[in-house]
Amino acid sequence: MRAAVFREMSKPLAVETVADPTPGPNELILKVKNCGICGSDLHMTEPTSMMPLALGAIMGHEFAGEVVEVGKNIAHLWKPGDRAAGFPYICCGEHSPCLNFAGGAAMCGKGLGIGLGQSPGAYAEYVKIGASGGFRLPESVSFREGAMVEPLAVGLHAVDKARMPRGATVLVIGAGPVGLAVMLWAKFLGARHVIVSERAEERKKMAARFGATDAIDANQPLTPQVEKIAGQGPDIIFECVGAPGLINSAMMDAPRHSRIVIAGVCQQMDMIMPLMGVMKELELQFVLGYRPADFDYVISMIAADRIEAMPMITDVVSLDELPKAFEALRHPTHQCKVMLEN
């Protein structure tokens, strides 16, 4: 099969012919229809990354496709032609339900991440997934929408971990894909004010389509602007950028007794002023990924036309176009979610 392979740091991906994946007894092979580019992929290919990607790796963990091969132990569950969104983690397969999941977390302690250097991902024509990682797509849900399930699940999990009360005033820092997904679910699940802090004008416009009720000036103190809009400071601040200094900046801006949810992934050393957190009695909540239940919920909401994911997609590219599109995202202009389509 053909795939986009990471061969050298600071160099474009190389489209090459590599071996086709083969399924184990509890695994499926999907023909990749769509796969999104994630900011985490970009970070892992940069020299400053604390989690550098292994050379020769195939990325891509936001994907959907059609089943083409089925492992012998799961032939009664899946058949060629079935449509699925892929949960990007292959469980160990030793038990069902998995006994190696820690406290209901998304990842099996013995499993392999797909597209993050452990198991090859979906920047390719085919990808291998675990049977428990296949989430059936109703006919009413397109493959493009199926590939959006993963990033939307990230936002859903962040809002879930925020323990957001109905009627909350929410501030979202950053209107990239993660920030947009957070806005969508915050509004959907009952926030009264969803206020975005974002510098790029195009992303501010995008935010309005995903539930943002107001946008504020990222270059000015944030809480006074929120107070002017909502009559109070934010109950919850979502940091969705992952740049050094933003957690501390959010702590400085946060009102007393508020909660800061860190959904952006900073891969560099960072510093905070703990005294600020102590004096304000702030809560910091870090979040990672999602749970399988989040995938189910996102798919059901798309199928019921309760949410709309497609406006987040700004570019659709072929496998041959993927390396150039990937590099362009290091200095984005209009791009939000760039989608591979086979």
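Values quoted throughout were computed directly from the atomic coordinates according to the rules given, and no laboratory measurement underlies them. Please read these numbers as outputs of a predicted model, since none were measured by experiment. We place every Cβ from the backbone using ideal geometry, glycine too, and count neighbours over all the protein chains shown.
The charge dipole of the stretch 284-335, taken about the Cα centre with unit charges on the Cβ atoms of Lys, Arg (+1) and Asp, Glu (-1), comes to about 200 debye, rounded to the nearest 20. Per-residue packing, averaged as other Cβ atoms within 10 Å, sorts the ranges 8-16, 81-89, 219-227 into the order 81-89, 219-227, 8-16, beginning with the highest.
Taking amide H as placed 1.01 Å from N in the peptide plane, residue 260 has its amide H under 5 Å from the amide H of 237, 283, 284, 285, each at least 5 places away in sequence or on another chain. Remark on residue 122: its backbone amide H falls under 5 Å from those of 60, 61, a criterion applied only to residues 5 or more positions apart or on other chains, H modelled at 1.01 Å from N. Assuming a ≥ b ≥ c are the square roots of the Cα gyration tensor eigenvalues, decide whether the stretch 213-263 counts as rounded (a/c under 1.5), prolate (otherwise, with a/b larger than b/c) or oblate. Note, shape of the stretch 213-263 comes out prolate. If you run the Gaussian network model on the chain, springs between alpha carbon atoms under 10 Å, then out of 275, 319, 189 the most flexible one is 275. Shape of the stretch 242-342 from its Cα gyration tensor (a ≥ b ≥ c, root eigenvalues): rounded if a/c is under 1.5, otherwise prolate when a/b > b/c, or oblate? Taking the square roots of the gyration eigenvalues as a ≥ b ≥ c, the stretch 242-342 is oblate. Rounded to the nearest whole Hz, the Karplus-based 3J(HN,Hα) values (6.51 cos²θ - 1.76 cosθ + 1.60, θ = phi - 60°) of the stretch 6-12 follow the sequence 7, 10, 7, 4, 6, 10, x, with x at glycine and proline. The label point for residue 202 and the one for residue 49, both projected 7 Å from the Cα toward the Cβ, are 2.4 nm apart. Which entries in 228/280; 204/280; 31/72; 31/204 show an alpha-carbon gap greater than 28 Å? Those over the limit are 204/280; 31/204. Counting only residues at least eight positions apart within a chain, or on another chain, the lysines with an alpha carbon under 19 Å from that of residue 205 are 187, 337.
Per-residue Karplus couplings for the stretch 70-82, computed as 6.51 cos²θ - 1.76 cosθ + 1.60 with θ equal to phi - 60°, are listed in order as 10, x, 4, 7, 10, 5, 7, 9, 10, 9, x, x, 5 Hz, Gly and Pro entered as x.
Working ranking of peptides 261-272, 124-135, 45-56 by packing, defined as the average number of other Cβ atoms within 10 Å per residue, highest first, is 124-135, 261-272, 45-56. Using just its DSSP H runs of length 4 or more, each adding -39500 (n - 2.57), the chain gives a mean residue ellipticity at 222 nm of -7000 deg cm²/dmol after division by all residues. Highest-first packing order for the peptide set 33-43, 323-333 is 33-43, 323-333, based on the mean count of other beta carbon atoms within 10 Å. Magnitude of the charge dipole for the chain, about its Cα centre and with charges confined to Cβ atoms of Lys, Arg (+1) and Asp, Glu (-1), is about 500 debye.
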